[in-house]
Amino acid sequence: FVAQAADDASRRVATFYSLNVCGAIAGSVAAGFVLLPWLGSRGALIAVSFVTLVSSLGLAYRLWHTAPNVAGFVSIVGPVAFLMASLNTIDPFADFARRQHRTDRVMWLGEGVQTTVSVHEQRQGTKVMYLDGMHQADDSRPSRLTHHRIGALPMMLHPDPRKVLVVGMGGGATPGAAAMFPGAQVDVVELSADVV
């Protein structure tokens, strides 16, 4: 009898673990390739919250029939219902950009499949582009000078540069410097349309 119970328990644990792994894979594929591109981060958060709320209501209903418990019902459904109600006024990406850079003026926000892009103007007037919250480019004099040099150096070293490929648009200073050389045809490869 003990061996039978242990065998049954291990089978149930293995089944649950397999379902958990499959759910994690399906969830990441659905989020990355369906929900975020189709609904954006705000819409995806609302959709996931709705599924969580429905699941919570189902769990609460089942628990209620087993042993009615108002505190348990409120503890399961309350936080999810509050989150869904607050989503009418919250844009998670814009809220993050504002909180991360409190003194900046957010000039532009773009949420793409590959990355999220924001352009901020700092107090001193410098414009900065962030990709997924990380600094990518800015229009300060030292940064422009560095990126101009990156674009100009290979052009000066090559005896007759005609075709130029720059991988990554960034702030545009590197391809801009390469394009200033007469006769150069500059192509830029950029994965994110929002960067452009």
Name the pairs: first residue in segment 51-78 and exposed (fewer than 11 other Cβ atoms within 10 Å of the Cβ), second residue at pLDDT 70 or above and not in a helix (DSSP H, G or I), Cβ to Cβ under 7 Å, at least 6 apart or on different chains? none
Any residue in segment 98-126 that is over 14 Å from Asp139 (Cβ atoms) and of a type in the set (Lys, Arg) sitting within a Cβ distance under 8 Å of a residue that is outside any strand (DSSP E or B) and open to solvent by 40 Å² or more (accessible area, probe 1.4 Å)? List the pairs, counting only those 6 or more apart or interchain. Arg123/Thr103
Quick check on my filter: what residues within segment 166-196 are open to solvent by less than 20 Å² (accessible area, probe 1.4 Å) and farther than 23 Å from Gly112 by Cβ? Ala177, Ala178
Across segment 139-165, what is the total count of residues that are in a strand (DSSP E or B) and either at pLDDT below 95 or open to solvent by 80 Å² or more (accessible area, probe 1.4 Å) (or both)? 2
Go through the residues of segment 121-132 one by one and say whether even a single one is under 18 Å from Ala44 (Cβ atoms) and either modelled with pLDDT under 90 or in a strand (DSSP E or B) (or both). yes
Filter segment 27-50 down to residues that are open to solvent by 60 Å² or more (accessible area, probe 1.4 Å) and aliphatic (A, V, I, L, M) and give me whichever is nearest to Ser75 (Cα to Cα). Val48
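The values are calculated or read from the model by the stated rules, or taken from the named source; none is laboratory data. All values reported here derive from a predicted model rather than from experimental measurement. Ideal geometry is used to build each Cβ from the backbone, glycine not excepted, and the neighbour counts take in all protein chains shown. When the accessible area is computed, the model is the full protein with side chains, heavy atoms only, and any ligands, DNA or RNA have been set aside. Shrake-Rupley method; radii C 1.70, N 1.55, O 1.52, S 1.80 Å.
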